[in-house]
Amino acid sequence: MGPLWGITSSVTDLPVLEVRGIVKSFGALRANDHVDLQLFPGEVLALLGENGAGKTTLMNVLYGLTSPDAGQILLEGQEVQFESPKDAITRGIGMVHQHFMLIPPLTVAENLMLGAESTVGPGVLDSNKVRRRVRELSASYGLPVDPDALVRDLPVGIQQRVEILKALYRQARVLILDEPTAVLTPQEATDLFRVMRTLATEQRTSIVFITHKLHEVFQVADRIVVLRQGKVVGTLTPGEATGESLAAMMVGRPVLLRVDKGAPHPGEIVLRVTNLRVLSDRGLPAVDGLSLEVRAGEILGIAGVQGNGQTELVEALSGLRPAASGSIALLDRDVTRSSARRLVDSGEAHIPEDRQKHGLVLSYPVADNLVLRTYERPPFARGVQIVREAIVRFAQRLAQEFDIRARSVGVTAATLSGGNQQKVIVARELTRGGRLLVAAQPTRGVDVGSTEFIHRKLVSARDAGMAVLLVSAELDEVLSLADRIAVMYRGRVAGVLEPDEATPEVLGYMMATGRRPQADVTPTEPRVGGAA
């Protein structure tokens, strides 16, 4: 796929930012190994690599969050040293982290003001000036945000706008975006790309764009740099690359970018949801009379524009949110009001949408996170005594099997990259056994090699007789993995599609309208199980 907007590279200029021979190690782990990189004015530079390849570490060096062990950073030809993010911000570098750095109880304007306060007198903040500036920036860059809204009340897509506005408020000339589309809908991602292109072409802002979604690179990037095991292994333009070639450079081997699976063999009904009604945090119906069934040996995919009740449905099914009415049955047992613990004991596995909030205890070691569901059972416990050696051996085996990249299984989960945190959860849930897997965004923030691996594991779980409910914002993922697809619209199932009916066009129509298209709209070639 070619660029969406007539991208013209600016690589004939002198670099606005350059790193030479950057080395950064954490104990025996060398995250960056003599990395060289250049960023030019008005350029969108895509930075690719597997989880643990060193992308975020390199950006943290550029943003002053960590100091390099060796190497140089040059800003407009002059060597600089950053002791803290404040130094980088002062020099015109802004960073939007994969996990947002906002204060939820504060307003948008208050978050933008933090560290760059405007005053009208001693100890008196000029809130009106900040509000006006937020509105000006929102209008200039197409990032509409209410300056008086509390961040905790904003959806993730709007929170990301706030992060970008925060960098622009501080007059960033270099903008680092770390996995910015990981939590966005396809339309929100397209809107973000338009903002990026406006910043690059009209404001000459230089952007480093970290992503795992290869199709995005071809939409918005001027150049591509690929890291593998801490080293630069390639620098090229989108016109010189394909998705397959980039994936191979990242992983070091050919990667299958489609799901290879056989026909399903559905058995008994494992999950039955009947007239389920679930309220949102604001007390409004988010799931409104939804019914569905998932059988053993099949993957039922949930497609829908984000915000149509998918999150609340998954939380109700996993015991994290109460049902207002209706029923949930697991293997014909009523579990409508069961706790998360009881659902686990009943045979449910759960990959949560928010890995940090619901999937991990970030302050615990990786080993402990891998046994969170089973730590009190043999071989990990004898009576009330924990058997630490058994836990460590088990964790080391899973770390190797699922390619969890950490210095050791004794480091805390908080020290892992987002993708490796995801692999910890997937490893724990897929090796625990059970009859039902509720998988919400299972490959969010995960590199192409790990995505391929997780997809194979989901298909293997299906083939072993597990019932899999897949909820994903990635339409290609749903099309590739699902044996049937239920479309959610305004809290209800607008229809369930069989393989010969499911096409991107049909799904897009149903996601937008809540209705099936007329017969002449339906293309003849099915896409379920096709290319990812």
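Laid out as a table, the results:
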read-out	value
Residues of region 407-422 satisfying the condition of being surrounded by fewer than 23 Cβ atoms within 10 Å (Cβ to Cβ), modelled with pLDDT under 95 and not β-branched (Val, Ile, Thr)	Arg407, Ser408, Ala414, Gly418
Of all residues in region 200-236 being at pLDDT 90 or above, under 18 Å from Tyr141 (Cβ atoms) and assigned to a helix (DSSP H, G or I), the one that is nearest to the chain's Cα centre (by Cα)	Val220
Close pairs (8 angstrom Cβ cut-off, 6 or more residues apart or separate chains): within 14 Å of Val19 (Cβ to Cβ) in region 40-56, in a strand (DSSP E or B) and among the polar types (S, T, N, Q) anywhere	Phe40/Ser206; Leu45/Ser206; Gly54/Asn32
Close pairs (8 angstrom Cβ cut-off, 6 or more residues apart or separate chains): in the same structural domain as Ile103 (by TED's automatic domain parsing) in region 142-164, surrounded by fewer than 20 Cβ atoms within 10 Å (Cβ to Cβ) and basic (Lys, Arg) anywhere	Gly142/Arg194; Pro147/Arg131; Pro147/Arg135; Asp148/Arg131
Residue count for region 72-96, restricted to those that are crowded, with 19+ Cβ neighbours inside 10 Å, part of a loop (DSSP other than H, G, I, E, B) and either at pLDDT below 90 or not aromatic (Phe, Trp, Tyr) (or both)	1
Residue that is nearest to Gly54 (Cα to Cα), among those in region 378-392 that are surrounded by 15 or more Cβ atoms within 10 Å (Cβ to Cβ) and either among the charged types (D, E, K, R) or in contact (Cβ under 8 Å) with a residue 12 or more places away in the chain (or both)	Val392
Residues that are in a strand (DSSP E or B) and at pLDDT below 95, drawn from region 287-321	Ala303
Members of region 267-308 that are of a type in the set (Gly, Ala, Ser), in contact with a strand residue (DSSP E or B) (Cβ under 8 Å, 6 or more places away or on another chain) and surrounded by fewer than 24 Cβ atoms within 10 Å (Cβ to Cβ)	Gly267, Ser280, Gly289, Ser291, Ala296, Gly297
Tally, over region 136-155, of residues that are part of a helix (DSSP H, G or I) and surrounded by 15 or more Cβ atoms within 10 Å (Cβ to Cβ)	4
Hits in region 237-253 (condition: outside any helix (DSSP H, G or I) and surrounded by fewer than 15 Cβ atoms within 10 Å (Cβ to Cβ))	Thr237, Thr242, Gly252, Arg253
Which numbered condition Thr66 fails, given (1) farther than 18 Å from Gly230 by Cα; (2) assigned to a loop (DSSP other than H, G, I, E, B)	(1)
Residue check for Val23: at pLDDT 95 or above and surrounded by fewer than 20 Cβ atoms within 10 Å (Cβ to Cβ)	yes
Failed condition for Gly445, given (1) within 30 Å of Arg272 (Cβ to Cβ); (2) part of a loop (DSSP other than H, G, I, E, B)	(1)
Subset of region 456-494 (residues that are under 22 Å from the mean Cα position of the chain (by Cα), charged (D, E, K, R) and in a helix (DSSP H, G or I))	Arg456, Lys457, Asp476, Glu477
Filter result (outside any helix (DSSP H, G or I), more than 15 Å from Arg272 (Cα to Cα) and in contact (Cβ under 8 Å) with a residue 24 or more places away in the chain) within region 328-350	Ala349, His350
Given (1) assigned to a helix (DSSP H, G or I); (2) in contact with a helix residue (DSSP H, G or I) (Cβ under 6 Å, 6 or more places away or on another chain), index of the condition Asp191 fails	(2)
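The values are calculated or read from the model by the stated rules, or taken from the named source; none is laboratory data. Since the model is a prediction, treat every value here as computed from it, not as a measurement. Don't worry about glycine lacking a Cβ; one is built from the backbone with ideal geometry, like all the others, and counts go over all protein chains shown.
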